[in-house]
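Chemist: Would you mind keeping the following structure in view while I ask a few things?
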Amino acid sequence: MIPTKEIMMKKIRTLFISFFLLLILILATATTWVYSQINSSLPKLNGKETLWGLTDTTVIERDKQGIVTIKGKTRTDVALATGFVHAQERFFQMDLLRRNSAGELSSLFGKLALNYDRKIRHHRFRDRARAIVKQLPATQKALLKAYTQGVNQGLKTLDAAPFEYLLLRQDPVEWQEEDTILAVFSMYIDLQYYDGKRERTLAILNKMLSKKAFAFLNPKGSIWDAAIDGSQYSPSAMPSNHWLKDFAKKEVGKQASRSNQQNQQHQQQKQLTAKTDYQGDYIPGSNNWAVSGKLTSTGSAMVANDMHLNIRVPNTWFRASFEYPSSTGKTIKITGATLPGTPNIVVGSNGHIAWGFTNSYGDWSDIITLELSKNKQQYLTPTGYKNFAYSRQVIAVKDQPSVEIEIKETIWGPVIGKNQAGQPLAYRWVAHDLQAVNLAHTQLEQAQNIDDAFAIAAVSGIPAQNMMVADSQGNIGWTIMGPIPRKKGQVGELPTSWASGENGWQGYLTASEYPRMKNPINNRLWTANTRVVGGTMLAKLGNGGYALGARASQIRDDLLAKQSFNEQDLLNIALDDRAVFLTRWKTFISEQVLTLANIAQHPNFIQVQQIIENEQQHNTKNQQSFSASIDSVAYRLVRNFRINVRNSVFKALNKKLSAYSANYNFRSIHHQIETPLWQLITKQPDNFLLLGENSWQTLFNNALAKTITDMTKNQPLSQATWGQTNTTAIVHPLSKAVPFIGQWLNMPATPLPGDSYMPRVQGKAFGASERMVVSPGHEENGIFNMPTSQSGHPWSPYYGMGHSDWEQGKPSPFLPGKTKYTLTLLSY
């Protein structure tokens, strides 16, 4: 007879095995379902699809990298097919773009995005997008309608929704015509200040500092200036008296009296161990340059462009080539980069002209100080007091109740806050006007020369860009593409009252008023987010926070160093990682800090001296330059030393201004801070009472000591290379939320050369979102590479293809390669 205990054990074992098998079955079923859903969201690459809205058969060809060529009988058919492809390859990216500017990210990501949505809703971009769509010309409306039809049919044709929605447990929402406008508004948010941060910071500086100190910290020019018209502006003189105004000096004095020697020593030690952000001074921008046909072997001009943006998976741009007949029957072929969410080629070449962009950083917004009535319910305008307008906004939040906010508005724009005196501030911004966005950009597809391009640029609705254009006849030119407001009165970098009517905007410049330059005597043009022109042309553009001219001057000098160019020559300029900007800082360390007397007091400094000298000898021997190469320790030392010096020099001032106002933001003004910084550390004035150290030499010593400490955590200094810290982290936005998927979605972590103040701009997740070199009429010799790849789907056969070429700076072909996949779209 079998014991009861043994029977029970047998039953338990049977139940356990059954449960285990059931669990395996459930997991296998779930895995199979997830796999099938992800696999079903892959785009259609071959075969036939019938789409509503096409007038005739349209063909989508892809090469092995997924670069598309769309061949249609009409431009609207090409737009529809473009929407179809964008949706199939990049719909989630498009969705993020429209939600980003509409203030609707919370519905996807929950309360994590709520604060951001609150800020963006002040601009009511969805309402503005709808208004823009209504007033577009008929031809542009037709393109927008066709593109929207293509997007929604591309989404529906997928056997399953894009895989990101599976992870988010959401369903994708159909595309609307206004969403294309919202995609462009997202570029406004990326490329211009949506919150007036820089102007508000300058207002705080102006309030707290003497007139000379304000001018010193906000210089109009520097030795790095490289304007294409040769204009120069001198740096402001260093203040000879106190920096702070009387009321501010009293506050500083109170703080200083509370300090004692022990506290200073404690702060000194705290400074050495404090965490420093050594990320570069990256700003959304770009480089572009052009050489005329007099400097090429073909007689056709040539243009180069690399647009600097945050880089993630998938990339911002999607490569494409369009072919369709013109009204005269000639075939139009245009190749370049598209922005998923929009139906046009953003940068590229049509065989007659080629063009590229850099962010202009003109003054495209202004803050208005409002004058209120006694009961504070109205604000003063040139026609008298007016009531505020109010708009109710409802923000949907994932897994939580919706949040309702109220937007307060004026005739000039929304109220974005108050100054320290309690006065409300309104925001006037180009992005709020009907002129902000249109599809006039598509006319570049049929432009024949530079003059055509100039005319189109002046009526185009995009965030104002430096447009660099070259044509097949050998001409080169620069202008601004995008709306330029006409201003009157004292409207500029500081907030002003517009109540009297003396200050304000008076519409927009006409085409004949646009600044432009064509065929300069030296046959070369360049821009790099710095001041491009001076005089009356600069007065029209204003200053919205120009970058330091270090990149621009290095590009200029590279161009002037040669008398003839081919495509590889221009690519070499894009890959120039020489540390011209930091060379004087390397000399400064050697002469000011690494002296025999100073090393005797700081023995650990000798290793810095040895590294710098050894690398210098190596570079001299191998005819190399001091550069941001991945194996350089000296570059990282000099770079980080500069950052620590900068932070220390302005630490006390920043602390004081931040305490005075939460709206103070040092980063919004530090693009030009190198000029006053260099004057301070080389002249070392005694009247700079905000130094925060007992001497300039102490500050320099502490900065180098901190640099060494931070670079030698868990390693010797000799191993702390630039490549170690400048290793890419190009990831999909969902990989942080769902880490285990990162191994399939993210690009490999790779040490890369380059940095902020040189043509090869490169950070961990920032840099050239594309590199393009092309001569119109000779596209077969052109170069184009970009990070990540065409596809947003990790199981795509071309996912990640082309990324290594971008990393290594290889001259990948500009034109699509041999056709590997063909999808034929049929009309009903």
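Chemist: Taking interchain pairs and intrachain pairs at least six residues apart, which have beta carbon atoms under 6 angstrom, with the first residue in the range 149-175 and over 18 Å from PHE84 (Cα atoms) and the second surrounded by fewer than 15 Cβ atoms within 10 Å (Cβ to Cβ) and among the aliphatic types (A, V, I, L, M)?
Modeler: From the range 149-175, the pairs are LEU167/VAL738.
Chemist: On to the next question. Considering only the range 643-661, state which residues are of a type outside the set (A, V, I, L, M) and open to solvent by less than 10 Å² (accessible area, probe 1.4 Å).
Modeler: ASN644, PHE650, SER661 - these are the residues of the range 643-661 that are of a type outside the set (A, V, I, L, M) and open to solvent by less than 10 Å² (accessible area, probe 1.4 Å).
Chemist: Is it the case that the range 587-595 has a residue that's open to solvent by less than 70 Å² (accessible area, probe 1.4 Å), among the small types (Gly, Ala, Ser) and touching a helix residue (DSSP H, G or I) at 6+ places or on another chain (Cβ under 6 Å)?
Modeler: Checking the range 587-595: not a single residue is open to solvent by less than 70 Å² (accessible area, probe 1.4 Å), among the small types (Gly, Ala, Ser) and touching a helix residue (DSSP H, G or I) at 6+ places or on another chain (Cβ under 6 Å).
Chemist: Please list, ordered by residue number, the strands (runs of 3 or more DSSP E) wholly in the range 394-468 having 3 or more residues that are at pLDDT 95 or above and open to solvent by less than 10 Å² (accessible area, probe 1.4 Å).
Modeler: Where strands (runs of 3 or more DSSP E) fall fully within the range 394-468 and carry at least 3 residues being at pLDDT 95 or above and open to solvent by less than 10 Å² (accessible area, probe 1.4 Å), they are 424-429.
Chemist: Going by the conditions given, is LYS275 outside any loop (DSSP other than H, G, I, E, B), modelled with pLDDT under 95 and open to solvent by 10 Å² or more (accessible area, probe 1.4 Å)?
Modeler: Judged against the criteria, LYS275 is not a match.
Okay, residues lined up against (1) under 30 Å from LEU244 (Cβ atoms); (2) in contact with a Gly (Cβ under 9 Å, 6 or more places away or on another chain):
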site: LEU680; (1), (2): yes, no
site: SER695; (1), (2): yes, no
site: ASP710; (1), (2): no, no
site: LYS713; (1), (2): no, no
site: GLN724; (1), (2): no, no
site: PRO733; (1), (2): no, no
site: ALA749; (1), (2): no, no
site: GLY754; (1), (2): no, yes
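Chemist: Name the residues in the range 757-795 that are surrounded by fewer than 24 Cβ atoms within 10 Å (Cβ to Cβ), among the hydrophobic types (A, V, I, L, M, F, W, C) and within 15 Å of TRP317 (Cα to Cα), would you?
Modeler: PHE766
Chemist: Next question. With the structure loaded, tell me whether GLY817 is open to solvent by 30 Å² or more (accessible area, probe 1.4 Å) and touching a Gly at 6+ places or on another chain (Cβ under 6 Å) or whether it fails that test.
Modeler: No; evaluated as a whole, the condition is false for this residue.
Chemist: Just a yes or no: is a residue in the range 423-440 touching a Lys or Arg at 6+ places or on another chain (Cβ under 7 Å), of a type outside the set (A, V, I, L, M) and in contact (Cβ under 8 Å) with a residue 40 or more places away in the chain?
Modeler: yes
Chemist: So the check is Cβ under 6 Å with 6+ separation or different chains; which pairs have a first residue in the range 632-643 that's touching a residue at least 12 places away in the same chain (Cβ under 8 Å) and a second one that's outside any helix (DSSP H, G or I) and crowded, with 23+ Cβ neighbours inside 10 Å?
Modeler: Short answer, once both residue conditions are applied: TYR635/ALA579; TYR635/ALA628.
Chemist: A further question follows. Of all residues in the range 469-486 being surrounded by fewer than 23 Cβ atoms within 10 Å (Cβ to Cβ) and more than 26 Å from PRO343 (Cα to Cα), which is nearest to the chain's Cα centre (by Cα)?
Modeler: The selected residue is ARG486.
Chemist: Do we have ASN701 as buried (at least 18 other Cβ atoms within 10 Å of the Cβ), within 32 Å of the chain's Cα centre (by Cα), polar (S, T, N, Q) and on the phi < 0 side of the Ramachandran plot here?
Modeler: No: the conditions fail for ASN701.
Chemist: Do you know which residues across the range 134-143 are in contact with a helix residue (DSSP H, G or I) (Cβ under 8 Å, 6 or more places away or on another chain), surrounded by fewer than 21 Cβ atoms within 10 Å (Cβ to Cβ) and assigned to a helix (DSSP H, G or I)?
Modeler: Scanning the range 134-143 gives GLN140, LYS141, ALA142.
Chemist: Quick check on the range 246-257. Is at least one of its residues modelled with pLDDT of 75 or more, among the basic types (Lys, Arg) and open to solvent by 50 Å² or more (accessible area, probe 1.4 Å)?
Modeler: No: the range 246-257 contains no residue that is modelled with pLDDT of 75 or more, among the basic types (Lys, Arg) and open to solvent by 50 Å² or more (accessible area, probe 1.4 Å).
Chemist: Residue by residue through the range 601-647, note down the ones that are of a type in the set (Gly, Ala, Ser), at pLDDT 95 or above and over 26 Å from the mean Cα position of the chain (by Cα).
Modeler: Listed by number, the residues that qualify are SER632, ALA634.
Chemist: Of all residues in the range 360-370, which are closer than 21 Å to ARG486 by Cβ and either open to solvent by less than 10 Å² (accessible area, probe 1.4 Å) or not in a strand (DSSP E or B) (or both)?
Modeler: SER360, TYR361, GLY362, ASP363, TRP364, ASP366, ILE367, ILE368, listed by residue number.
Chemist: Same structure again: Only residues that are within 15 Å of LEU217 (Cα to Cα) and charged (D, E, K, R): list them for the range 674-723, please.
Modeler: Selection gives GLU674 alone.
Chemist: With the requirement that a residue be open to solvent by 20 Å² or more (accessible area, probe 1.4 Å) and over 14 Å from GLY492 (Cβ atoms), what does the range 534-550 give you?
Modeler: Scanning the range 534-550 gives GLY535, THR536, MET537.
Chemist: Given ALA146, ALA129, which one is open to solvent by less than 60 Å² (accessible area, probe 1.4 Å), assigned to a helix (DSSP H, G or I) and over 19 Å from TYR324 (Cβ atoms)?
Modeler: Selected residue: ALA129, the only one of ALA146, ALA129 that is open to solvent by less than 60 Å² (accessible area, probe 1.4 Å), assigned to a helix (DSSP H, G or I) and over 19 Å from TYR324 (Cβ atoms).
Chemist: Ok, one more. Applying the selection to the range 193-240, what residues are out of contact with any Lys or Arg (no Cβ under 9 Å at 6 or more places or on another chain), among the charged types (D, E, K, R) and closer than 20 Å to TYR361 by Cα?
Modeler: Selection gives ARG198, GLU199, ARG200, ASP229.
Chemist: What are the pairs with Cβ atoms under 8 angstrom where one residue, in the range 381-399, is without any contact (Cβ under 8 Å) to a residue 60 or more places away in the chain and the other, located anywhere, is surrounded by fewer than 17 Cβ atoms within 10 Å (Cβ to Cβ) and not in a strand (DSSP E or B)? Sequence gap at least six, or different chains.
Modeler: Listed pairs, sorted by first residue: TYR385/SER373; LYS386/ILE411; ASN387/GLN377; PHE388/GLN377.
Chemist: Next question. So the check is Cβ under 7 Å with 6+ separation or different chains; which pairs have a first residue in the range 487-506 that's open to solvent by 30 Å² or more (accessible area, probe 1.4 Å) and modelled with pLDDT under 95 and a second one that's among the acidic types (Asp, Glu) and not in a loop (DSSP other than H, G, I, E, B)?
Modeler: Within 7 Å, the pairs are GLU493/GLU199.
Chemist: Follow-up. Assess whether ARG531 counts as being buried (at least 22 other Cβ atoms within 10 Å of the Cβ), of a type in the set (Lys, Arg) and within 25 Å of GLN672 (Cα to Cα).
Modeler: Criteria met by ARG531.
Chemist: If you don't mind, another one. Just the residues that are open to solvent by 50 Å² or more (accessible area, probe 1.4 Å) and not polar (S, T, N, Q), please, taken from the range 149-183.
Modeler: LYS156, ASP159, LEU166, LEU167, ARG169, ASP171, VAL173, GLU174, GLU177
Chemist: Residue under question is LYS64, and the condition is that it be basic (Lys, Arg), at pLDDT 95 or above, open to solvent by 60 Å² or more (accessible area, probe 1.4 Å) and touching a strand residue (DSSP E or B) at 6+ places or on another chain (Cβ under 7 Å); does it hold?
Modeler: no
Chemist: Follow-up question, since we're still on this one. Tell me which residues, restricted to the range 279-315, are open to solvent by less than 10 Å² (accessible area, probe 1.4 Å) and in a loop (DSSP other than H, G, I, E, B).
Modeler: GLY280, SER292, SER300, ALA301, ILE311, VAL313, ASN315, listed by residue number.
Chemist: Further question on the same structure: Can you tell me which residue is modelled with the highest pLDDT among those in the range 662-695 that are surrounded by 17 or more Cβ atoms within 10 Å (Cβ to Cβ) and small (Gly, Ala, Ser)?
Modeler: SER668
The values are calculated or read from the model by the stated rules, or taken from the named source; none is laboratory data. Because the structure is a prediction, the values reported are computed rather than measured. Don't worry about glycine lacking a Cβ; one is built from the backbone with ideal geometry, like all the others, and counts go over all protein chains shown. SASA here: full protein model, heavy atoms, side chains in, ligands and nucleic acids out. Shrake-Rupley method; radii C 1.70, N 1.55, O 1.52, S 1.80 Å.
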